[in-house]
2 protein chains.
Amino acid sequence: MHFNTQDLDSLPRQTRVNLINSLSGFKSANLIGTRATSGQENLAIVSSCFHLGADPALMGMIIRPHSVDRHTLEYLQETGCYTINHVHQDIIAAAHQTSARYPQDVSEFDAVGLNTEYCHDFAAPFVHEARIRLGMKLMETQELAVNGTVLVIGAIEHVLLAEGLMEDDGYVDVEQAGTVALSGLDSYHLTRREGRWQYAKPDRPATKISD
Amino acid sequence: MHFNTQDLDSLPRQTRVNLINSLSGFKSANLIGTRATSGQENLAIVSSCFHLGADPALMGMIIRPHSVDRHTLEYLQETGCYTINHVHQDIIAAAHQTSARYPQDVSEFDAVGLNTEYCHDFAAPFVHEARIRLGMKLMETQELAVNGTVLVIGAIEHVLLAEGLMEDDGYVDVEQAGTVALSGLDSYHLTRREGRWQYAKPDRPATKISD
């Protein structure tokens, strides 16, 4: 099957949205926790978090300012901090439900039945039920001229890991944590490790470290 | 376990790199195909592709200009086009091996045993063996001041899908295509769908469309 630009343009809107959202492959599933200076808490599922660098430790995400994500953007800009919490298999329904368009004065934590946790003098709420959690300091936000979405860049200030997830070499076993992957707009996937592979070099074939 | 900024700074470099690379959750696994105006072909695995918008249909990716990705960046800037090809389970070893630092005059297609395919008058090479493939037109590149990485934004001009992957509503079944997810720097994962979930609304609980 082949679609060119004209074919894509002629698709019904929702078909096109589902198709294009599927094409980047698997995405991370994270809950973004924020708290306005007014005290209002917010929680939103975001599938656009990506690794930006290890030194300094940075992560990026894309926010649509006119979507349900707008309160997240407003609060993290107001306070300069937010949390990133991995969605795992036991909290998929609650995590997905945060994407509903609740009124601004409703905390999605309460609405979907997840608990806030404040710790380490960090001002934004962590998700108590999550197993891999990051406290993020906002570095910059930038509106992308190409479509008006906002690139949010944050520095990792706190890493909270459930016991037993980090291996000796620093790798965190996100599969063991039950972290899920997303595809398209609404499909959640568990994973099964195919293997870890050695650092590749031109003079030897690809070799597994472990299955 | 808790790491703050000082704890992260005090970790051995490779431990820190493995840890931080694990924290964004699952990542997409894509092969980026380019061809210089000289005719030199290049193929590189990239784990940083992300959905940027459906209308216009845009995708972003982060390139490290001093890494093995540097030829990819050079060629896509030179020619204004590149391809994105999903890594599936049968080509993991070859895909991973493209991350080895081959000399500039070696095509990774040849080195790892994948085949180029040129079609639809598009100047960049597709991976013949891939099942989900995109022809991308470069829209902009931008060096991010925060760490010198480069944000590459492209428009989707061609979508090539193997038969039977697209559902009636436009969703592409990337799991059925065998598309893999990445975690950390070197771990590849197959997936098992937990479910597709209905568009969430405040006045009803989260409900699955299908398992």
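Taken together, the values in this text are just the output of simple stated rules run on the coordinates, not laboratory data. It should be emphasised that the depicted structure is a prediction, and the values quoted were computed from it without experimental measurement. Every residue, glycine among them, receives a Cβ derived from its backbone with ideal geometry; neighbour counts consider all protein chains shown.
Legend: translational diffusion of the protein assembly as shown by Stokes-Einstein, Rh = Kirkwood radius over C-alpha pairs, 25 °C, 0.890 mPa s; D = 114 µm²/s. When only alpha carbons are used to place a centre, segment A:133-147 and segment B:160-211 end up 26 Å from one another.
For segment B:107-211, a simple Cβ point-charge model (Lys and Arg +1, Asp and Glu -1, everything else neutral) yields a dipole of about 440 debye relative to the Cα centre. Label segment B:22-115 by shape, choosing from rounded, prolate and oblate, from the square roots a ≥ b ≥ c of the eigenvalues of the Cα gyration tensor; if a/c is under 1.5 it is rounded, and otherwise prolate applies when a/b is larger than b/c, oblate when it is not. In terms of gyration-tensor shape, oblate. Simple rule: put +1 on each Lys or Arg Cβ and -1 on each Asp or Glu Cβ in segment B:1-67, find the dipole, and look at B:Leu19, B:Met1, B:Ala57; the Cα lying farthest toward the positive end is B:Leu19. Between A:Arg101 and B:Ala111, the modelled label-to-label distance comes to 5.0 nm, taking each label 7 Å out from Cα in the direction of the beta carbon. Comparing B:Asn30, B:Asn115, B:Asn21 in a Gaussian network model of chain B (Cα springs below 10 Å), the most mobile by mean-square fluctuation is B:Asn21.
Near B:Ala123, within a Cβ-to-Cβ distance under 14 Å, what is the net charge of the other residues, with Lys and Arg +1 and Asp and Glu -1?
The answer is -3.
Remind me, relative contact order of chain A in percent, using alpha carbon pairs under 8 angstrom and six or more residues apart? If you can, show how the numbers build up before the last one.
Working: 389 pairs, mean separation 45.2, N = 211.
Answer for chain A is 21 percent.
Segment A:86-126 and segment B:22-81 have Cα centres separated by 33 Å. Legend: ranking of residues B:Leu138, B:Leu58 from fewest to most surrounding C-beta atoms inside 10 Å; resulting order B:Leu138, B:Leu58. Peptide B:24-37 shows a mean partner chain C-beta count of 5 within 10 Å per residue C-beta.
For chain A, modelled as a GNM with alpha-carbon contacts under 10 angstrom, which of A:Ala130, A:Ala100, A:Ala29 fluctuates the most? With Cα springs under 10 Å in chain A, the top fluctuation among A:Ala130, A:Ala100, A:Ala29 is at A:Ala100.
Ignoring lysines fewer than eight residues from A:Lys137 along the same chain, the ones with Cα atoms less than 28 angstrom from its Cα are A:Lys27, B:Lys27.
Within the listed set A:Val172, A:Val17, A:Val180, the Gaussian network model of chain A (springs between alpha-carbon atoms below 10 Å) gives the highest mean-square fluctuation for A:Val17.
Just so you know, the Cα atoms of segment B:19-210 work out to an Rg and Dmax of 17.2, 60 Å.
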